[in-house]
Amino acid sequence: SEQLKDPKNFKQKIQDLKYNPKNDFDMIFFRDGRIFEQYSCPITLERKIIGRLWSFRDVSEHQHAEQELRKSEKRYRNAYERADFYKDIFTHDMNNIFHNIQFSAELISMLKDKPDKLKSSEEIFTTIESQIDRGSKLIDNVRKLSKLEESNIVLKKVMVYDVLDEAILFATKSIRGNKLDIKIKKVKREAYVKANEFLLDVFENILHNSIKYNKNPEVKVQVVFTVEQKYGWGVKI
């Protein structure tokens, strides 16, 4: 019984079934991964239980195949649901982007014969460029999400200031109608962290939200790097 995963429970079951008139069916799991199907029934003589007949059958291969089949089914179901989820998000956001570009194109068509509105046309072109950048970013994000779920996360040594500079460049290009003033307070000339390509997305999302929900004509963002004794680097935006 020591070969079983739960020998104590099996011993107790034998005692409980010793004089039980009912038939019993169960699965027995071994420490080495084997699985046995167990069946038992009482042996009677002159209406008295004098013993119990036990039958065991090795069903390890069949059970393992069923388990793998269930895991595979779950993986494919999850993959299908994720694909459906990404498709809905992608379709919704791309429709918004195309709508904004179409609306901008219609405005340009209306203003093409009005030289006094040239400045407005330039602003509309900026809007179109911003929407194109947004579409490219959306496609890249879907690709990254798929990649994240298909593989193990691999961290590498990254210069955090370089990643932040790239995020600031994207934020500067995407802002419209506001002035952007970003100040960075560094504690060292070089700062390295263990991260992957998603660190850029973290910075971009934080900067984007800092700008999006700021109603001031000039958006001021301060990025402060600190050295944390327990966790290493800290960043406050």
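Read the figures in this text as sums done on the coordinates, not as results from a lab. None of these values were measured; they are calculated from a predicted model. Virtual Cβ from ideal backbone geometry, glycine too; neighbours counted across all protein chains shown.
Residue exposure proxy: 47, 77, ordered by other Cβ atoms within 10 angstrom of their Cβ from fewest to most, comes out as 47, 77. Each of 204, 73 has some number of other Cβ atoms within 10 Å of its Cβ, and from fewest to most they run 73, 204. Annotation: the residues 130, 55, sorted from fewest to most other C-beta atoms within 10 Å of their own C-beta, follow the order 55, 130. Say the cut-off is 24 Å between C-alpha atoms; which of 185/212; 5/74; 183/215; 194/215 go over it? Result: 5/74; 194/215 exceed 24 Å. Using the Karplus relation 6.51 cos²θ - 1.76 cosθ + 1.60 with θ = phi - 60°, the per-residue 3J(HN,Hα) values for segment 184-198 come to 10, 9, 9, 9, 9, 5, 10, 9, 10, 9, 8, 7, 10, 5, 6 Hz, with x marking Gly and Pro. Residues of segment 1-29 with the amide nitrogen closer than 18 Å to a label point 7 Å from the Cα of residue 58, along Cα-to-Cβ, please. The answer is 1-5, 27-29.
Scalar couplings 3J(HN,Hα) for segment 211-216, obtained by applying the Karplus form with A = 6.51, B = -1.76, C = 1.60 to θ = phi - 60°, are 7, 4, 9, 9, 8, 6 Hz; x denotes Gly and Pro. For segment 130-139, putting each phi into the Karplus relation 6.51 cos²θ - 1.76 cosθ + 1.60 with θ = phi - 60° gives couplings of 5, 5, 5, 4, 5, x, 4, 5, 4, 4 Hz, in residue order, rounded to whole numbers and with x for Gly and Pro. For segment 11-73, the fraction of C-alpha pairs more than 20 angstrom apart is 42%.
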